[in-house]
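Here is the structure we will look at.
The values are calculated or read from the model by the stated rules, or taken from the named source; none is laboratory data. No experiment lies behind these values; they were computed from the predicted model shown. Cβ sites come from the backbone with ideal geometry, for glycine too, and all protein chains shown count toward neighbours.
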Amino acid sequence: MGNETLGMANLMRMKKHPESTVRIKDIPEQDRPRERLIRCGPEALSNQELIAAILGTGSGRVNALGVAQELLARYDLQDFSQVALPDLKGTFGVSDAKACKLLAAIELGKRLASHTGKRTSLASAEDIARMLMPRMKGLKKEVLKGLYLDSKLNLLKEETISMGGLNTVAIQAADVFRTAVSEAAAAIVLVHNHPSGDPTPSEKDIAVTKALKMAGDLLGIELLDHVIIGQERYISLKDSGLL
């Protein structure tokens, strides 16, 4: 029996029986997510089976495959990457331990998707978007990040400066430049996302960026760019002539 057929067999068992009575151990051993992963490799598993393999066991009301099925029915993969611990606990009855496993796996996947190597050169807005867009384009609230660079534009440190958006959070120059001083950074790039999916900068975005650039000039630390991440595209204030 092929891998896809085995995945469908698991799904059919879930549909034929009340979820409260179906247990992982009621599924033939060779069809269980962990056993299939060991035998066939993770690439052979469906999204539902991968989630079930991470969870290990269910919520008490439903087994791990059932929880995974409910999660995927409510969230597509893009939205699923933003699922929060209260949702996992309150809506789906997942324990703290299982929720932490799942959230850790999601975060590791996002970091791997944006990983570009030990010495990351960020010479252009395209480099920056390639690194951060996989992690930031689906966020439900605005997050402002600082990328601290050496004189050759290699990344020294990435740091989340604030959460909530430039329109709702008071951004102080000290918040932006404190890490630059401690890391002896030569330059900074700011990056934030627009949850609407439209990366067009607001007047507030432009005004705050210009004020921070002036503060950086006084400190001798160049604010190179401010990149705004949308759903499928980004805008560089530098490349747009707005910085």
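Checking every residue in the stretch 144-156 against the condition of being surrounded by fewer than 16 Cβ atoms within 10 Å (Cβ to Cβ) and assigned to a helix (DSSP H, G or I) gives zero matches. Among the residues of the stretch 197-242, how many are in contact with a helix residue (DSSP H, G or I) (Cβ under 8 Å, 6 or more places away or on another chain) and assigned to a strand (DSSP E or B)? Number of matching residues: 9. Among residues of the stretch 1-56 being part of a helix (DSSP H, G or I), among the acidic types (Asp, Glu) and under 26 Å from residue 106 (Cα atoms), the one that is modelled with the lowest pLDDT is 4.
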